[in-house]
Structure formats: C-alpha cells, structure tokens
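Colleague: Before I ask anything, let me first share the structure, which is written out below as structure tokens.
Just so it is clear, none of the values below were taken in a lab; they were calculated from the coordinates. Quick caveat: nothing in here was measured; it's all calculated off a predicted structure. In this analysis, Cβ positions are derived from the backbone assuming ideal geometry, glycine residues included, and neighbour counts consider all displayed protein chains.
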Amino acid sequence: MGKRQANRSAHPGAHPAASRGIRVGQVAITAVLIVVAAVLAVADGTPLAWVLAVSFVFAGWYVGGLLLGARTREPAVATWWLAGLTLIWAGAVVVSPEFVWLAFSLWLLAGFILPTAWAIAFSAVVLGIVIAAPVVHTGTTSYASVIGPLVGGVFAVGIARGYLVLVRDGEERRRLVASLVSAQDEMAQLQDELARTQRESGAGVERTRLSRDIHDTVAQSLTSIGMLARAAGADDPDQARRALAQIAELAQDGLGDTRRIVAALTPAELEGSALGDALRRMLSRLHETTGIRADLHVDPTVPALPMATEVALLRTAQSALANVTAHARAGRVVVSLIDAGDAVRLDVVDDGIGFDASAWNAKRPPGDGGGYGLRAMRARLRELGGGLDVESAPGDGTALSASVPIGSSGGAG
C-alpha cells in the first residue's frame, strides 16, 4: 500500500501542469479508441444499440472516475474504479471483439494506479483477454493479433511507470534544493552570529586593555601629582620648586599617555552600533541643527567592517558634512553606504553651490589655507588602501565618494 500511495500522490499532484497534460492525453486516446471500436463493431455487424450502450457505459464510468479522482486520491478508490472499468470492458469485448482496442487505456491506467507487480499481473490478464477474444468470436487468430497487443501493452505500462519515476526524481530534486536553501540560510545566520560574537568579544578585550592602560599611566600620574601638590605646600621654598617641577613633568607624561590612549579609542558615535546607525544619528543631528534635509541609503549587503574601516568612513562623513554645513548652502544632502564587491563605498552628495573641483584635484597644494579637510580625508583613506574622489562645479553641488577595500586592517583614529 505504501508504494501504491506513492504512485497516486506522484501522478496527480507532483507536477500540476504535466499531470493535466497526461490526463488530457489519456482522455483523448480513450475517446478515439471508443469511436474506432464502435465504428468497427457496427461495420462487423454488431447491433448498433448494443454498440452504443457499451460505449456510453464505458465512457461514463471512465469520465466519472476521473471526476472522482479530482476530489479524492485514495488508492483503494482508484483500484476499485479500475476494476469496475475492466469488467465493463470485458462485457464490451463479449459484445464485439473490436472493443479490445480499449485495452490500451486500461494498460495506461494500470501503470499509473497499481504497484509495479500488480500492474504487470493485471496487464497480463488483459492481454490474455485481448488474444482470446478473436478466437472466441471467430475461431481463428493471427500473429498480428498477438504481437500487436503485446507491444502495445508493454509500451503503455512502460510509459506510465517511466513518468512516475521522472516525477519522483523531480520531487526529490525539489526537496534537495529546498534543503540546500534552508542550510544556506542557517549558515548565513550562524556567520552573522559568529561575527557579532567576535565583535563583542573584541570590544570586551579592548575595554580591558584600555582600563589597564589608564590605570597604569594616567591614574598613576594623577596620584603622584596629588602627592606632590601636597608636598608643594611645605614651608621649604626649594622643596616646593622641586615638587612643582615634578608636577609639570608628570603632567606632561600623563598628557602624552592620554593622547596615546585617545588615539586608540573607538569614536563615541560607533560605540555599541554599526556604521549605518552612526551615520543615521549624525544626519538626524544635522537636520535638527541646520534644517538641511538629510537622507541615508545603506545597501543591505554591506558586510561587517573592521573597526579601522568604520572609523575612517565615519570621520570622512563627519568632515564632508561639516563642509556642507559651512560652505555648501545646500538644501539637501544624501549619504549612501554601498557594497561595491571587494570594497565599501561612502558617497556624500549635496545640492549646494559647489566649487571648482577640477582645479583642486589638479593643484591640491599642501598649505594654501584651503581644502585641508579634503586632503585629510584622502590621507586617512589612503592609509587603508582606499581613495577619495570629488566631483563638483560652481552651481552644480558636490559629490564626494570615499572607498576602502573590504578587509583593510590599517589604523584609523
């Protein structure tokens, strides 16, 4: 029964379009065979009433079974329907041997409905009736009456079984593809989780390192300065001068340590959030303080970036937006974070008054008092293997594009 259930489920439901095509083909073949058998039976002298009766009964049972099969796919129902159709066909063969033509339809149905062993046994019984019918009616037969039905039966059952095998293979391929897609989604989720865990772990390690640095440098310097400050209040002027000199030296050392630690700190804007969120907050503040309309577009495929890359792009955006605020007289600025394959790109475009970018690109003087922000942006990006492109003309706004290769690990402060 398990194999029979597989046959029934594969034929009508696995490929709806193909199943409809097969069913239409079966109906068309059966209709043609009924007409051919009826015409030959009447031509052979069988009473027309009997021919019409058995033809309509066979056709009605056949169509009724197809309609019932559209509502139920129970194997037992299909088997009993085929048994009833076979009995009607046997009665038609008794009326006229010409109705053996309908055996081809029975073989097709057996291949679809019955398990392989039962389909072969059923087909053999039908073949026996087909071969015996001419002998019973006329007392004679021929090689054609044996070989033709045998080939037709093998062909019909083979077509049906082959179609079911193709359907099962197609179903298996679809299940495999669905399984692979599901596994790919799970792998992507695991990779995202791993990247998030690694980032959180790295942030914890960096905080621990910074806390040790502050404790061992700045905190110690401040403690020593406090002690020396108390000593400087003594009555001995020489001792006070020595204490003040030591305080100045410790303060200088502490300032150097503080600058070193600050250079390694993550920008506050990136603390606990992705670059896209930091840019969004930055643009929100820009709109609140200046009234400039600020839009952000972030490609959903932008991967997790190294901290140095995020810092460099954030600083570039800050400098570019500062220029927009100070010089552009813009009404709108659009910031885009784009996945460019092997690089990530930050575009800042405004509709302001613009400037002669061609002249700046040609000269880029190191100390003419203008363009320092753009030069600083370009230098920062080049440290990471990236670059900066600026397009602008008087009256046409400004488009700035910063790119950094994905995977860059250089420093950025």
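Colleague: Sort 108, 67 so the one with the fewest other Cβ atoms within 10 Å of its own Cβ comes first. All intermediate terms of the calculation are to be shown ahead of the outcome.
Modeller: Details: 108 22, 67 8.
Ascending Cβ contact count within 10 Å gives the list 67, 108.
Colleague: Taking 0.36 nm per residue of separation and subtracting the Cα-Cα distance, what length does fully extending residue 200 through residue 399 add?
Modeller: 68.2 nm
Colleague: Order by neighbour count: 86, 301, 30, fewest other Cβ atoms within 10 Å first, most last.
Modeller: 301, 86, 30
Colleague: If you don't mind, another one. Measure off 7 Å from each Cα along the Cα-to-Cβ vector at residue 187 and residue 325, then give the distance between these two points in nanometres to one decimal.
Modeller: Computed distance between label sites residue 187 and residue 325 equals 4.6 nm.
Colleague: Assuming a ≥ b ≥ c are the square roots of the Cα gyration tensor eigenvalues, decide whether the range 268-405 counts as rounded (a/c under 1.5), prolate (otherwise, with a/b larger than b/c) or oblate.
Modeller: Oblate is the answer for the range 268-405, as a/c is 1.5 or above yet b/c matches or exceeds a/b.
Colleague: Just rank 314, 166, 102, fewest to most, by other beta-carbon atoms within 10 angstrom.
Modeller: 166, 314, 102
Colleague: Between residue 50 and residue 175, what's the calculated FRET efficiency when r is the beta-carbon distance and R0 is 45 Å? Round to 0.05.
Modeller: Details: r = 52 Å, r/R0 = 1.15.
My answer for the efficiency is 0.30.
Colleague: Among 48-59, 88-99, how do they line up from the highest to the lowest mean number of other beta-carbon atoms within 10 Å? Write out the running numbers ahead of the final one.
Modeller: Working: 48-59: 16.1, 88-99: 20.6.
In descending order of packing, they fall as 88-99, 48-59.
Colleague: Could I ask something else about it? If we sort 171-180, 117-126, 282-291 on the protection proxy, mean other Cβ atoms within 10 Å, highest first, what's the order?
Modeller: Result, highest mean Cβ count within 10 Å first: 117-126, 282-291, 171-180.
Colleague: If I take R0 = 45 Å and measure r between the Cβ atoms of residue 244 and residue 382 in this structure, what FRET efficiency does the formula 1/(1 + (r/R0)^6) give, to the nearest 0.05?
Modeller: 0.50
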